[in-house]
Every structure is written in structure tokens, then in C-alpha cells.
1. Calculate the FRET efficiency for A438 and K205 from the Cβ-Cβ distance with a Förster distance of 35 Å, rounded to the nearest 0.05.
2. Mind sorting M34, M1 by how few other Cβ atoms lie within 10 Å of their own Cβ, fewest first?
3. Could you give the length gained on full extension between N182 and D79, defined as 0.36 nm per residue of separation minus the Cα-Cα distance, in nm?
4. Between D174 and Q46, what FRET efficiency comes out of the Förster formula 1/(1 + (r/R0)^6) with R0 = 30 Å and r the beta carbon distance, rounded to 0.05?
5. Can you spot the lysines whose alpha carbon is less than 28 Å from K3's alpha carbon? Ignore those fewer than 8 places along the same chain.
6. Taking the DSSP beta bridges in segment 354-463 as the whole, what percent of them are antiparallel, to the nearest 5?
7. Just to be sure I understand the model, the point goes 7 Å from the Cα along the line to the Cβ. What's the resulting T120 to N146 distance in nm?
8. Any chance you could run the full-extension gain for Q288 through S213? It's 0.36 nm times the residue separation minus the Cα-Cα distance, nm to one decimal.
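What follows draws every value from the coordinates through simple rules; no lab data is involved. Everything numeric here is computed off the predicted structure, so don't read it as measured data. Because the Cβ atoms are built from the backbone with ideal geometry, glycine has one as well, and the counts that use them run over all protein chains shown.
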Amino acid sequence: MRKILCIGAGYVGGPTMAVIAKHCPQYEVRVVDMNADRVAAWNSDQLPIYEPGLKDVIDIARGRNLFFLTDETIAEQIDWADIIFVSVNTPTKAFGLGAGRAADLQFWEKTARQILQHATSPKIIIEKSTLPVRTAEAMSHILNTNSIGVQFDVLSNPEFLAEGSAIRDLEEPDRVLIGGHNTPSGQRAIETIVELYANWVPREKIITTNLWSSELSKLVANAFLAQRISSINAISALCEKTEADVEEVAFAIGTDKRIGPHFLRASVGFGGSCFKKDILNLVYICEQQGLPEVAEYWQQVLKMNEYQGARFVANMVHSMFNSLSGKRIALFGAAFKANTSDTRESPALVVCRELLEERADVVLCDPHALENARQDLDEQAEKVNFVADPYQAAKGAHAIAILTEWAHFANLDYHQIYNSMAHPAFIFDGRNILDHQALFKLGFNVYPIGKAPLQHFNHGRTW
């Protein structure tokens, strides 16, 4: 029986190991994490993250060949394993050289040194965290300082998961990417991991490359996806000035096979743990490699995302008579996207903080992400009302802002909601998921993204 260890039980490590264990009963999979509360949650019916289909997969494998453990026994687990996935946190560096842009690799290096200290037999080490290009080289240098002749083969196997569809992405991936050294031992290690994924992934979808191409591909994939979102959001601002409809524009250009329809949905902005972090990392790498023009190009993707959130709040202030002070504003959505409980870098929390600066009475509503939002808002959480029921959240509100595209927000009884709100009532649809004409007929003043507003009064326009 092959023995797999994953160090890190977060949004990537937990689901990935669960799917591997489900499809590979001949492998024993152990997942260790330094957070005892997180491990306890993985071993309970209240999993630490919300992801459609995750609990079903966990129920199949947990206790059979999938085990979640605290890192108190990490020395034993490292020595036990044949294959070690490293899936630790690599946040943006907050101090020193590269602060605010470079990846903080302190947890990654600590893990590499733990492996070096406790391994007594050959291991395949797999980078699962998103890391800067050529990080594997540094890991190889650390591991190969061992004095007992242990062979370590370092591979890159980046994740390409979209939160909210992570289990589907793992079960039916577009591709699995495995990068390694072009040496006999490196190629054997690659083939070992190819065989692992081939238990459920068609061979033609398993791509093998050199280490550096694999590492860079992850950063570039996220940069390109974020670029698409910022591009259509930039056009949404122009649409609002010219009374074009951004959805019509997106459909028209998306029918061009060279462009395609994906990631052309205008919104209040992108969020999540990866896009901003990975683009900042890419910018820093470009700067370090003497490519300032390339760095500036990718930095603009982030500037546009920040602009879109600021523009959304400015539109709220302007539309509501230039004052939000004391007004109850119901924010529908805290997660950075639907079907996840993740609030990291969520545009909803960006808007929430800006509204607090305007001294609004903010009510935050989300079906799965309120506790994470409370933690992320930190001290500002004391100023926010957290309400799970959207009808209660909207009661007495002057405005509603749709900030996460949860399907049930589109299916609420907005006639009932309108009657419970202060008038004139406003809706700012930051995800364009509502029937704007129907809402206007009910009496709402409606402000979509990238479309002309529907108002029962005239603010006048500046051309």
C-alpha cells in the first residue's frame, strides 16, 4: 500500500486528499495540520469549509483510508510516508524585502526543514501550495543537505480549483499538471504521481512538464482569469456612461471563438485567496527579473479591481443623496463567490468596510460565510449586524446591495422585501443576478453593474 501524507488541511489540502482517498482505496492518506480545531472539524460532521459535494466524499473515505491528524505526530508521519504533498499557507509577505508583493515562504521552509529532519527513507515531495517559480530548486537545496543519503525528488503539482466547484474540479479536471526534473529519478517520480491520478483521470488530461513551467503555469492561469474579469469590469464603467448594456457587449464578444464566453460577467470585483496574491507574486517576480513594464501590466489588473469596488460604493453614495450616515444598508453576500464559505479578499467585505467609513448601519447576510466574515472584519465586526435571514436583514433598510451571486438571492420575494423597507428603496446589484425591470415595477430604484440605472427620479447625468 502506498502511503501519502499531506501537510496542511486547508481549502486545497483537505478536499484534494479526500478525492484521492475516495478513488484510491489502495493508498492510505493522512492529513496533518497545526490547527487542532481545524483537524477536529475535519473529523466531525461540521467540516471546516463549505464546498458542494465535499461531505459526501469525506463520508466515503474518512476512517477507511483517509485520516486527519494534528501535527503533534508530524515526525512519525513524515518518516512513514512515501509521498508528501506540501499544502501550507503562502500568504503575501507583510514585512521586509518584497512586503506587499512577494510570497511569504516561512511556513513552506519550515515544512521543508521538518521533512529533512525526520525522513529516513526516500520520498517524493510535491509542491501543492501556489509558489513562486523556481521555489522547488530551493526546496531541493534544503532537502539534499541531508548527511544520510536519503533521496528526495521534488515535483510541482499545482491545484487549479475554483472554490464552489472544487470537488467537481477534482473529480473531472480540465487537466492535471505535474512538473519534475528531466533526470531518471525525476521521471520515475513523475510517473508515480501520474499513476496516482490515472486511477480516475484520463491519461490524456495528465500533462507533464519541467518544474519551472509547472510552477509558473499556476500563477499565469490565475493572472489570465483575473485579467478577464478586470477587462469586462473596465468596460462596465464605460457602459454605464454610454447606456450600453455590459451583458449584451459580453455576449457579443463572447461569441467570437477567439475570445470565448468565460469570465466575462461584470461584477463588483474578484476576490478569494489566490488571484490578488498570485498577481502580486507575479509582479514581484517580474520586477526582480528586470521586467518593470511586464510588472506594471499585471499590476493594472489589481488596480482595476480596486477601482471597481470603490466605484460601486461611490455610486451608492451618489445615488442615495450623497449621504449614507445612519442609513440601514443590507449587504446580501459575504463570501467572495457563491457556493463557498470563504471570505478572503471578498469584495463584499471591501464594500462593507467602505460603508462603515460612511457611517452606514450595515447588515451582513450570507447563508454560509457569516462566521468567516466576522473573523475577517476583526474589530470592525462590532459595528456590523450579522443576520442569516435576508428578509430580516432587509427589514427597515434603505438599500440592498447584492455582493455574492448566491442563487437564492435571485429567488426571494422582493415584493415582500420592498414593503418592509424604508422608501425610496434602492437595490445595487453588484452581480447582475436580479430581474431589474421587475424590481423597478415594484418601486425599487435599481442600479446594476454596466447598465443604465432604473430610477423613479432623475439625478441628471454628466457626459
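1. Numbers: r = 43 Å, r/R0 = 1.22.
With R0 = 35 Å, the Cβ-Cβ based efficiency is 0.25.
2. Details: M34 17, M1 10.
If I rank by nearby Cβ atoms, fewest first, I get M1, M34.
3. Numbers: separation 103, 0.36 × 103 = 37.08 nm, distance 2.61 nm.
Going from the current span to full extension adds 34.5 nm.
4. Working: r = 31 Å, r/R0 = 1.04.
E between Q46 and D174, to the nearest 0.05, is 0.45.
5. Qualifying lysines at Cα under 28 Å: K22, K55, K110, K123, K128, K205, K218.
6. Details: 1 of 11 bridges.
So the antiparallel bridges in segment 354-463 amount to around 10 percent.
7. 1.2 nm
8. 25.2 nm
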